[in-house]
Amino acid sequence: MTASCMFCKIANNESKAEIVYRDEEVTAFRDIHPVAPIHILIIPNRHIESANEIKSEDQLLVGHMIFTARQLAAREGIDKDGYRLIMNTGPRGGQTVFHMHVHLIGQRQMHWPPG
Ligand code: AMP
Ligand code: ZN
């Protein structure tokens, strides 16, 4: 837990969020500024700053984050049409909250290349 980290607070139930899934390892909640009709963030409950800080022993946890995203996509009914999973990393990657998270966005057409 990093005291000033908003996502640590959400994971610890110290700050409000619209939580859609939670277990021992991860928490998933709706993004406060959605960029698509469905926009969910999946975070590890333990503070990891970004993908740059993933350690060898975190590999199962990162896999669990992706698996959770895939399950939520099915639950939200966007799995058949398709969706996008994004992990912005570092300032140039567009990361603004430095507690690692996967964005699950869907229910509209995505474009490539991203901005
Ligand atoms: P990123 O820019 O990839 O670091 O993504 C951070 C995301 O967190 C943005 O899409 C924000 O809208 C979202 N966000 C920031 N604070 C909150 C919050 N308190 N609850 C839900 N989503 C948040
Ligand atoms: Zn944190």
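The values are calculated or read from the model by the stated rules, or taken from the named source; none is laboratory data. As the structure is a prediction and not an experimental result, all values here were calculated from the model. As a convention, Cβ positions derive from the backbone with ideal geometry for all residues, glycine included, and neighbour counts pool all protein chains shown.
Scanning the range 7-38 for residues that are buried (at least 17 other Cβ atoms within 10 Å of the Cβ), more than 16 Å from ligand 2 (Cβ to nearest atom) and either modelled with pLDDT under 95 or not in a loop (DSSP other than H, G, I, E, B) (or both) gives Val20, Ile38. Only one of the listed residues (Arg70, Arg108, Arg84) is of a type outside the set (A, V, I, L, M, F, W, C) and without any contact (Cβ under 8 Å) to a residue 12 or more places away in the chain. That residue is Arg70. Scanning the range 39-52 for residues that are in contact with a strand residue (DSSP E or B) (Cβ under 8 Å, 6 or more places away or on another chain) and more than 14 Å from ligand 2 (Cβ to nearest atom) turns up His39, Ile40.
Please work out if Lys55 is modelled with pLDDT of 95 or more, of a type in the set (D, E, K, R) and within 16 Å of ligand 2 (Cβ to nearest atom). Criteria met by Lys55. Take the conditions within 16 Å of ligand 2 (Cβ to nearest atom), touching a Pro at 6+ places or on another chain (Cβ under 7 Å) and either part of a loop (DSSP other than H, G, I, E, B) or of a type outside the set (Val, Ile, Thr) (or both) and apply them to Met100. Does it pass? So Met100 fits the description; yes. Just wondering, is there one or more residues in the range 49-56 that are within 18 Å of Val26 (Cβ to Cβ), within 15 Å of ligand 1 (Cβ to nearest atom) and without any contact (Cβ under 8 Å) to a residue 24 or more places away in the chain? No, the range 49-56 contains no residue that is within 18 Å of Val26 (Cβ to Cβ), within 15 Å of ligand 1 (Cβ to nearest atom) and without any contact (Cβ under 8 Å) to a residue 24 or more places away in the chain. Restricting the range 27-43 to residues that are touching a Phe, Trp or Tyr at 6+ places or on another chain (Cβ under 9 Å) and either more than 8 Å from ligand 1 (Cβ to nearest atom) or among the β-branched types (Val, Ile, Thr) (or both) leaves a set whose member that is nearest to Arg108 (Cα to Cα) is Ala36.
Check the range 72-87 and report whether any residue there is more than 16 Å from ligand 2 (Cβ to nearest atom), among the aromatic types (Phe, Trp, Tyr) and not in a loop (DSSP other than H, G, I, E, B). Yes, some residue in the range 72-87 is more than 16 Å from ligand 2 (Cβ to nearest atom), among the aromatic types (Phe, Trp, Tyr) and not in a loop (DSSP other than H, G, I, E, B).
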